[in-house]
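Chemist: Sharing a structure, written as structure tokens. Questions coming.
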Amino acid sequence: MIIPLKLHKNTLDPKANVYCGEFGVIKSTDPDSRRNWHRDIVSIFNELDIGRAVWDYKDGPYEHFALVDIPNSKPYDEETLRICASRK
């Protein structure tokens, strides 16, 4: 995945920004796999300076991807939340 992203970034106007508006892993995935996938994709986004938004950050009608349990104001998994918020 990283090679097509690098090629795409190299073809853009140097002042242009790339943004990923939605990404995530369904909540029913085992926690280690969910963390690892987020860690991998976030590290790629960070390396390539790609802005991002985690899909369904808050609980809602599509809570399957949620990172935060809104009624209790607590993350479902602290580590996954830290990974998604990490920068270079």
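The values are calculated or read from the model by the stated rules, or taken from the named source; none is laboratory data. As the structure is a computational prediction, the values presented were derived from the model and not from experiment. Reconstructed Cβ throughout: ideal geometry from the backbone, glycine too, with neighbour counts over all protein chains shown.
Chemist: Give me the pairs, please: first residue somewhere in the stretch 22-35 and modelled with pLDDT under 90 and buried (at least 16 other Cβ atoms within 10 Å of the Cβ), second residue anywhere and among the acidic types (Asp, Glu) and part of a helix (DSSP H, G or I), beta-carbon distance under 9 Å, and either six or more positions apart or on two chains.
Modeler: Filtered contacts from the stretch 22-35: LYS27/GLU63.
Chemist: How many residues are of a type outside the set (Ser, Thr, Tyr), in contact with a helix residue (DSSP H, G or I) (Cβ under 7 Å, 6 or more places away or on another chain) and at pLDDT 90 or above if we restrict to the stretch 66-88?
Modeler: 4
Chemist: Name the pairs: first residue in the stretch 73-84 and farther than 11 Å from VAL25 by Cβ and in contact (Cβ under 8 Å) with a residue 12 or more places away in the chain, second residue of a type in the set (Gly, Ala, Ser) and part of a loop (DSSP other than H, G, I, E, B), Cβ to Cβ under 7 Å, at least 6 apart or on different chains?
Modeler: Filtered contacts from the stretch 73-84: TYR76/ALA66.
Chemist: While we're on this one: With at pLDDT below 90, charged (D, E, K, R) and outside any loop (DSSP other than H, G, I, E, B) as the only criterion, which of LYS15, LYS6 stands out?
Modeler: Matching residue, one of LYS15, LYS6: LYS6.
Chemist: Within the stretch 18-40, how many residues turn out to be touching a strand residue (DSSP E or B) at 6+ places or on another chain (Cβ under 6 Å) and not in a loop (DSSP other than H, G, I, E, B)?
Modeler: Matching residues across the stretch 18-40 total 3.
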